Amino acid sequence: MPTTYEDLPDLLSRMTGAEKHGPAATSTLDALWVLYERVLRIAPGRSEDPARDRFLLSKGHGPMAYYAVLAAKGFLPVEWLDGFGGYHSPLGHHPDRLLIPGVEIGSGSLGHGLPLAVGTALGLRAQGLHDPAVWTLIGDAEFDEGSNHEALAYAGAVGLERLHAIVIDNTSATHGWQGGIASRFEAAGWSAVTVDGHDHAALYQAYTLAHPGRPHAVIAQVEPKN
Amino acid sequence: MDTMRERFATVATDLLDRDPRTALVLADIGAAKLTEAAAAHPERVLNVGIREQLLIGVTAGLALTGMRPIAHTFASFLIERPFEQVKLDLGHQGVGAVLVSALGSYDWPAGGRTHMAPGDVALLDTLPDWTVHVPGHPDEAETLLRHAVADGDRNVYVRLSEHQNSAARPIEPGRFLTLRRGEAGTVVAVGPMLDAVLAATEGLDVTVLYATSVRPFDAAALRAAGSIDVVLVEPYLAGTSTGEVNRALAEVPHRVLGLGVPREEHRHYGSMEEHLRAYGLDAAGLRQQIVSFLLPRG
């Protein structure tokens with residue numbers, strides 16, 4: 001079974017049929033890999049464990065990197081990648097949680113993951129599960145959606161410490177984010193750090209930064225989409 | 001007598017005390033009535049502020065962790081404003097919650113169109129597997145709310161209103177109640193429409209069924225009534241349940257008249273009574289429409 005970062009291009013090519021991959025997929029590859037390899041406390045067969053960490057992929061567009069990482073980590077059979085997008089394949093162009101083991105939410109419509117992650121963090125806390133971390137990954141253009149700003153403001157105000165957001169910033173938002181995305185999170189009471197989205201050491205450091213009493217955002221900058 | 005909304009606060013407080021799986025999510029509206037519950041259960045009574053997309057997203061997130069969340073605000077902001085969240089965060093994720101609305105179609109006409117949601121049940125009809133309860137009295141609201149929260153992990157909508165009948169009926173969740181039997185046709189009165197329907201059909205040879213659960217629709221009760229002419233009287237968009245009647249009677253030639261709140265916007269403020277009269281949903285308006293449909297030569 002492939003388990004290293006070097007195996008990911010082969011896994012991606014099983015879905016795309018080429019060595020070139022859509023920017024929407026490759027922009028998230030390093031951020032996802034470091035998260036699954038070194039941070040998330042989850043494992044195949046533990047998808048019902050209440051004490052597991054949660055990862056909610058909000059940016060459901062271009063999920064090939066996500067599927068490749070899930071396959072590399074043994075959550076889904078590598079053979080599934082070949083049918084990507086087909087009628088009988090569980091792997092669509094946007095993921096469906098009811099079809100894929102280890103996938104916490106179905107996503108694709110923008111702006112749903114962060115609010116769901118807030119609710120998940122609240123639900124774990126209400127059940128006395130203070131250890132599991134909740135992560136969600138959004139895109140900088142997805143950040144346009146007002147629902148994200150509703151979630152951002154609330155999570156910061158109530159100091160939802162177990163909540164984490166990764167923002168993949170490939171400067172694809174039409175009007176951009178003046179002052180930078182991190183400043184929006186910081187203004188709402190979050191801890192926020194901006195890093196090179198392809199630098200594994202920097203990503204790991206950002207993911208594991210202490211943020212007592214506050215939710216934490218990691219803005220992962222990658223090459224511009226266009 | 002208390003209102004359905006007041007009863008909701010009482011019942012929700014009791015459920016939070018008894019069942020650690022329950023949580024209540026609010027978007028400021030209704031929060032003032034639930035301060036004691038919030039003080040007793042700060043981690044299970046969550047007021048997200050005036051953020052209705054987040055209201056539903058948080059509710060669904062709680063459900064993803066195995067809880068049984070209840071979300072409450074006005075119908076306009078609970079169903080219509082965050083409709084994609086209702087569709088995706090609950091239905092598509094395969095999790096369930098109890099959504100409890102207030103105000104409904106015409107409860108506060110002085111508030112105008114912004115606070116009217118006569119299309120809520122029709123909108124939920126575009127989604128699979130929703131249970132919809134429309135109580136006509138605070139006691140019925142209590143029965144249906146308790147049933148909704150205990151109803152597995154289903155998605156349930158409980159539509160509370162200021163409009164209510166003078167007396168509670170011995171309802172059973174999911175079942176229509178037969179209140180009168182007659183030969184000329186069947187009138188289905190939904191929730192708060194019952195008093196006006198009973199007054200409108202006084203002395204007429206018609207069957208009156210009382211529906212406080214409309215999804216799933218009690219097709220068996222309608223068929224058992226034996227009529228092929230049916231009048232629906234609903235406190236939301238006229239015709240919302242005509243498809244259900246057509247399905248129930250698909251095997252026989254039949255006629256159905258759907259009465260309810262018109263699509264046209266009535267640009268008037270005023271009172272609930274004035275609006276019900278304007279829509280033809282008061283006893284006199286209903287009698288005229290029921291007679292001309294079921295008893296044209298009567």
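Interface of B with A. Using a 1.4 Å probe and counting protein heavy atoms only, the two chains hide about 2100 Å² of accessible surface, both sides summed. Once neighbouring chains are kept in place and the probe is 1.4 Å, which whole percent of the accessible area of the protein assembly as shown is contributed by carbon and sulfur? Taking all protein chains in place, the protein assembly as shown shows 50 percent carbon and sulfur surface. Fully extending the segment from B:ASP14 to B:ALA39, taken as 0.36 nm per residue of separation minus the present Cα-Cα distance, adds 7.7 nm.
Look at the stretch A:122-133: the mean tally of other chain Cβ atoms within 10 Å of its residues' Cβ atoms is 5.
Restricting to DSSP loop positions (anything but H, G, I, E, B) with no more than 16 other Cβ atoms inside 10 Å of their own Cβ, which GluC sites (Glu not before Pro) remain in region B:1-76?
Details: sites: B:GLU6, B:GLU36, B:GLU43, B:GLU52; in loops: B:GLU43.
Sites meeting the loop and neighbour criteria: B:GLU43.
Using Cβ point charges alone (K and R +1, D and E -1), the dipole size of the protein assembly as shown about the Cα centre works out to roughly 580 debye.
Which one of A:ILE100, A:PRO63, A:ALA201 is farthest out on the positive end of the charge dipole of chain A, using unit charges on Cβ (Lys, Arg +1; Asp, Glu -1) and the Cα centre as origin? So the residue we want is A:ILE100. The modelled label-to-label distance for the pair B:ALA250/B:GLN288, using points 7 Å beyond Cα in the direction of Cβ, is 3.7 nm.
Could you tell me which GluC sites (Glu not before Pro) in region B:125-201 are loop residues by DSSP with no more than 15 other beta carbons within 10 angstrom of their beta carbon? Answer in residue order: B:GLU162, B:GLU183. Electrostatic bookkeeping for A:ALA126 treats Lys and Arg as +1 and Asp and Glu as -1; over the other residues with beta carbon under 9 Å from its beta carbon, the sum is +1. In order along region B:93-102, the phi-based Karplus estimate (6.51 cos²θ - 1.76 cosθ + 1.60, θ = phi - 60°) of 3J(HN,Hα) comes to 6, x, 10, x, 8, 10, 9, 10, 9, 9 Hz; Gly and Pro are listed as x.
The Cα atoms of region B:176-294 give a gyration tensor whose axes a ≥ b ≥ c have a/c of 1.5 or more with a/b greater than b/c, which makes the shape prolate. The residues of the protein assembly as shown present an accessible area of 39 Å² per residue when probed at 1.4 Å with all protein chains retained. In terms of the mean number of neighbouring beta-carbon atoms within 10 Å, the peptides B:267-273, B:241-247, A:191-197 order highest first as A:191-197, B:241-247, B:267-273.
Under a Cβ-only charge scheme (Lys and Arg +1, Asp and Glu -1), can you give me the dipole magnitude of region B:4-159 about the Cα centre, in debye to the nearest 20? Walk me through the numbers on the way to the answer.
Values: 14 positive and 20 negative charges, 34 e Å.
In debye, rounded to 20, region B:4-159 gives about 160.
With contacts taken as Cα pairs under 8 Å and at least 6 residues apart, chain B reaches a relative contact order of 15 percent.
The values are calculated or read from the model by the stated rules, or taken from the named source; none is laboratory data. For clarity, every value in this text was computed on a predicted model and none was experimentally measured. Every residue, glycine as well, gets a Cβ built from its backbone with ideal geometry; the counts of neighbours run over all protein chains shown. Surface accessibility is based on the protein's heavy atoms, side chains included, excluding ligands, DNA and RNA. Shrake-Rupley method; radii C 1.70, N 1.55, O 1.52, S 1.80 Å.
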